[in-house]
1. So which chymotrypsin sites (Phe, Trp or Tyr not before Pro) in region 148-219 are both in a DSSP loop and have at most 15 other Cβ atoms within 10 Å of their Cβ?
2. For helix 5-14, report the angle its Cα long axis makes with the longest principal axis of the Cα atoms of the chain; keep it between 0 and 90° and round to the nearest 10°.
3. Tell me, which longest segment in the chain has none of the trypsin sites (Lys or Arg not before Pro) that fall in DSSP loops with at most 12 further Cβ atoms within 10 Å?
4. Determine the principal axes of the Cα atoms in the chain, then give the extent along each, sorted from largest to smallest and rounded to whole angstroms.
5. For the pair D178 and A225, what calculated FRET efficiency results from E = 1/(1 + (r/R0)^6), where r is the Cβ-Cβ distance and R0 = 45 Å, to the nearest 0.05?
6. Using a Gaussian network model of the chain whose springs link C-alpha atoms within less than 10 Å, name the residue from I68, I232, I194 with the highest mean-square fluctuation.
7. How would L255, L230 line up from fewest to most surrounding beta-carbon atoms within 10 angstrom?
8. Based on the Cβ-Cβ distance of E66 and V40, what FRET efficiency does E = 1/(1 + (r/R0)^6) give at R0 = 35 Å, to the nearest 0.05?
Amino acid sequence: MDETYQTYINRVARLTIPDTYQTQLQNIQKSPKFQGGKFVAFPGYSVLTPPYTEDSLNGEFYHDLETIQQQLSQQIESDMVAWVPPDSFHLTLADLIWDKSYKEAVQDNPNFDNQIKVCMKESFKNYQKADLEKKEAKWQLLGLLVFPRALVVGLVPCDELSYEKIVELRRSIYQNVDLMALGIEQQYYFTAHITLGYFKENISNLNQDHCASILTSFNDKWLEADPQVLTIRQVELRKFEDMTNFLPGNDNPRLEL
């Protein structure tokens, strides 16, 4: 289901242009992941890179991202965006199950948590059978993106191998028939991103022209600077309780790219 290398780059690049910002900002919605001044319970599973505080390989990248988030928070009205704690910054490579679907799954199947781990170990073994070059994937920060419920930074692969490794990983996950039997299937095209914040209740008051100008200004600065690159060496199945708390565990299946 995922796109070709060039199609992916072209699509994500279009998401960073001012006209796209104007259109996207007209359609933003309040995120259900943040209510009443706090991040709410939103349990589930994803396959992701180690969060900022656990990722010694990308400390500089995430530090720069934290600075970007701080600068944005000074320019975008504080009652519009719930900013994600920087220590939970990460790149999700495959969404699996979340919120109501997850709650129903564990209610119907008390062994669900163990079964998803078994399935993911199998998927990671299947990925290794693809026999891709043993080399970390490198993804470059392209610019700010406006999602329907979140403000994020988008990434593009630095080379075709970096893209193929992630596509093959996703293929090994979503084509796992045992995982499908648990009710897990691919629902979206992959758009590599790291979430900076979620939109709050007061988004109807957002000055869309001003916000689009702010986002464009940030992107223009990045075009003039050295590329900021995230190196992906390890991925892991993680359970999360909400969008700030991705639980480590010795029995979490892991894969070295």
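None of the figures in this text is laboratory data; all of them are computed from the coordinates on show. The structure displayed is predicted, hence computed values, not measured ones. A quick note on method: Cβ atoms are made from the backbone with ideal geometry, for glycine too, and the neighbour counts reach across all protein chains shown.
1. Details: sites: Y163, Y174, Y188, Y189, F190, Y198, F199, F218; in loops: Y188, Y189, F190.
The qualifying sites are Y188, Y189.
2. Its long axis makes an angle of about 30 degrees.
3. Details: sites that count: K134, K135.
Maximal segment without exposed cleavage sites: 1-133.
4. For the chain, the Cα spread along each principal axis is 48, 41, 32 Å.
5. Working: r = 45 Å, r/R0 = 1.00.
Here the calculated transfer efficiency is 0.50.
6. I68
7. Working: L255 20, L230 25.
Listed from fewest to most nearby Cβ atoms, that is L255, L230.
8. Values: r = 23 Å, r/R0 = 0.67.
The value I calculate is 0.90.
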